[in-house]
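Please treat every number below as a calculation from the coordinates, not as lab data. Given the structure is predicted, the values throughout are model-derived calculations rather than measurements. Glycine gets a Cβ as well: all are built from the backbone with ideal geometry, and neighbour counts include every protein chain shown.
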Amino acid sequence: MLELPEHTLDAILAIQLLVGWAGEGACEPPRLAWWQTDLVDDMGGGDLLKRLLPVTHRWAGLEAAREAGRRHSEAMRTQSANAARQRTLFHLSFEVDRQIEQRLRALKLSGETPAQALPLLEIAVPDAPFDAAKLAEALKLPEPPNSRTTPGGRRLTGEVPDSPLDQIRNLAAALTTSGAFDDTFPQPHYEL
């Protein structure tokens with residue numbers, strides 16, 4: 001696979017970090033509560049990260065929330081008989097995932113805040129009220145992807161886009177049904 005351009009990796013990473021942040025449920029007040037973490041807010045895990053990593057604590061909190069989402073998604077994915085053939089929000093392929101990790105490392109060292117480097121993260125402001133409608137608006141597409149509910153989650157139907165960016169945009173848009181988020185993580189995925 002070819003190396004993806006930085007702007008593509010940034011767009012993918014912004015969506016993953018945003019979903020990781022939005023999925024937190026141990027914060028006060030909880031956001032979507034798909035995983036029971038509080039790793040970003042200053043009154044939760046963000047405080048510890050600020051003391052441990054004063055320069056990169058915002059990145060560290062978002063990265064940890066993303067990792068919580070990735071682990072949750074991975075646990076769901078491995079329950080499927082077709083786990084190796086699935087593409088999810090947090091698993092696009094070994095090669096793409098590796099490039100995303102390298103890009104995250106570079107962004108943390110850039111000196112920019114997450115919102116400066118990835119403008120989509122402007123709505124992931126620590127300790128600000130969570131607005132599910134604003135999140136849904138940020139993730140929606142003009143044409144929502146077709147999907148069907150399966151025991152393994154929300155399977156997107158139709159052709160799998162070649163572009164990892166198109167894949168993740170469709171997967172993120174499939175987090176909602178009619179603009180509303182589910183009470184549990186819907187595990188949007190493609191099967192190859």
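With only Lys, Arg, Asp and Glu charged, each at its Cβ (+1 for the first two, -1 for the last two), find how big the charge dipole of the chain is about the Cα centre; round to the nearest 20 debye.
Roughly 400 debye, rounded to the nearest 20.
If you count, for each residue, the other Cβ atoms within 10 Å and average over each peptide, how do 128-134, 20-26, 7-13 line up from highest to lowest?
Output ranking for 128-134, 20-26, 7-13: 20-26, 7-13, 128-134.
Quickly rank 139-151, 104-116, 159-171 as a protection proxy: mean count of other C-beta atoms within 10 Å, highest first.
Descending packing order for the listed peptides: 159-171, 104-116, 139-151.
When we measure straight from the Cα of Lys50, which lysines land under 17 angstrom away, once same-chain ones fewer than 8 places off are left out?
Once the sequence-local lysines are set aside, what remains near Lys50 is Lys108.
With a ≥ b ≥ c the root eigenvalues of the C-alpha gyration tensor of the range 69-161, is it rounded (a/c under 1.5), prolate (a/b larger than b/c) or oblate?
oblate
What is the distance in Å between the Cα centroid of the range 36-103 and that of the range 122-192?
Distance between centres, Cα-based: 16 Å.
Given labels modelled 7 Å from the Cα in the Cβ direction, how far is it in nm from Leu53 to Ala81?
Each label point is offset 7 Å from its Cα along the Cβ direction, giving 4.1 nm.
Taking R0 as 35 Å, what's the FRET efficiency between Thr157 and Glu122 from their Cβ-Cβ distance, rounded to 0.05?
Calculated transfer efficiency: 0.60.
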